[in-house]
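For reference, the structure is listed below as structure tokens.
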Amino acid sequence: MSKFTTLASAAHLTAIETIGTRLDDNFTAEEALRHGGLEGWNVRLWPHLATDPATGRQIAVPDSNDVVRDTEDGGVAVLSKRTVSDGFTVIQNEAHIEFLNTLAEESGAKFELAGAVDGGRRVFVSMKLQGGLLIGGQDQIQNSLVAINSHDGSMSFTLAVMPIRYACSNLLNTKWGKLDNMIRIRHTSGATKGMVEKARRALDISFDYLEEFQVEAERMINTTMTQAKFEEIIAKEYGAPEDAADATVTRCQNKIDEIMSLYAEADTQEGYRGTAWAGFNALTEWADHYAPTRGDDRDRARATNAIFQPKFKERARELMLGV
């Protein structure tokens, strides 16, 4: 057994809380956008220009556009890191309104948080579903719906179902059963048509997803797994190759030690230690709250990854369901 570093147990903010603005739960969608700073952006396509080397003149590149928006100081900000074609359809933040109000009215969901990441390239509004789940009869799960809009062509307009574990504020946003946690609407000419029916369909899918989540989570919590077995699994998965440089070996071992600490010692696993469910949540807690990141604001970087990059958690789910 390796000697692993103890991580101090502490209350965490969820990823959405870290990067979002808190909303009053009585807000309408219009008020949510206004309070979250997402109103009146006037997102639009702007012809991408190139310089003619012979004349020095700026010319428009055919079928190539930047996506821009108005800023609060009266300027214009470029949102797209890459150009988009003429067929790219901008979905204004305000286009969320009918969709979100339908979700609220028909599910009883309450507006929770709103915000933007990466300079406004992606924006989101989250809603808390009523009720919640109990895994193993006692581990509390809050269920949130997060509507995400991308202004840089990197993703579709998306409604994501995000179960959140109270004990550690982990986002458990990964595929469960046969269902993905994301419902996508492509940026095409028909994107904003029939938003009410799309919202109703998204709700149906989200409730099916949560049923699948409960089934697999119960399976994990009822699957025993020793500390030695968990360490064997993560050492095989995250250990350094035999010919790795010393720095790589150290980095991989630190990762393993931190995950092991969360599994074996953190109070967030109290009552569930010795199960695959504890293993899954140790892995998820490490990814959401301790994984190394680049940049000065590490908490914000981790939060952004927690929402938009679930691949680590998807692999964690596979590992723990395979125990």
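Between Asp299 and Met155, the modelled labels are 2.2 nm apart [label points 7 Å from Cα along Cα→Cβ]. Counting only alpha carbon atoms, the long axis of helix 298-308 and the longest principal axis of the chain meet at about 80°.
Relative to the longest principal axis of the Cα atoms of the chain, the long axis of helix 227-238 lies at roughly 40 degrees. Shape class for region 237-310, computed from the alpha carbon gyration tensor (a ≥ b ≥ c): oblate, with a/c not under 1.5 and a/b at or below b/c.
Lysines near Lys175 by alpha-carbon distance under 19 Å, same-chain residues fewer than 8 away left out - which ones? Here the lysines satisfying the reach criterion relative to Lys175 are Lys311, Lys313. Model label points for Glu106 and Gln227, set 7 angstrom from Cα along the Cα-to-Cβ axis, are 5.0 nm apart.
Computed FRET efficiency, Cβ-Cβ of Thr28 and Asp204, R0 30 Å: what is it to the nearest 0.05? Using R0 = 30 Å, I get an efficiency of 0.85. Calculated accessible area for the chain comes out at 48 Å² per residue, all protein chains present (probe 1.4 Å; ligands, DNA, RNA ignored). Label Tyr166 and Leu13 with points 7 Å out from Cα along Cα→Cβ: what is the distance between them in nm? That separation, rounded to one decimal, is 2.2 nm. For Thr89 and Arg44 in one chain, what is 0.36 nm times their gap in residues minus the Cα-Cα distance, to one decimal in nm? The span from Thr89 to Arg44 would gain 15.3 nm if fully extended.
Rounded to the nearest 10 degrees, the inclination of helix 311-321 to the longest alpha-carbon principal axis of the chain is 30 degrees. The ratio of the alpha-carbon radius of gyration of region 90-204 to the globular-protein estimate 2.2 N^0.38 Å is 1.08. Put simply, the Cα atoms of the chain extend 68, 53, 34 Å along their principal axes, the longest span coming first. Separation of region 230-265 from region 155-213 is 33 Å, based on Cα centroids. Here the chain has 47 percent of its accessible surface on carbon and sulfur atoms, given a 1.4 Å probe and all protein chains in place. At an R0 of 22 angstrom, the distance between the Cβ atoms of Glu72 and Glu314 translates into a FRET efficiency of 0.05.
Counting only protein chain heavy atoms and rolling a 1.4 Å probe, the accessible areas of Asp73, Asp267 rank, largest first, as Asp73, Asp267. Here the 3J(HN,Hα) profile of region 136-150, calculated from phi with Karplus coefficients 6.51, -1.76 and 1.60 at θ = phi - 60°, is x, x, 8, 7, 7, 10, 8, 10, 10, 10, 10, 8, 10, 10, 10 Hz, Gly and Pro shown as x. Taking a quarter of the surface of the Cα convex hull of region 156-219 gives a mean projected area of 4.9 nm².
The values are calculated or read from the model by the stated rules, or taken from the named source; none is laboratory data. Quick caveat: nothing in here was measured; it's all calculated off a predicted structure. Cβ coordinates were reconstructed from backbone atoms using ideal geometry, including for glycine residues, and neighbour counts include every protein chain displayed. For the accessible areas, the whole protein counts, side chains as well, though only heavy atoms, and no ligand, DNA or RNA atoms are used. Shrake-Rupley method; radii C 1.70, N 1.55, O 1.52, S 1.80 Å.
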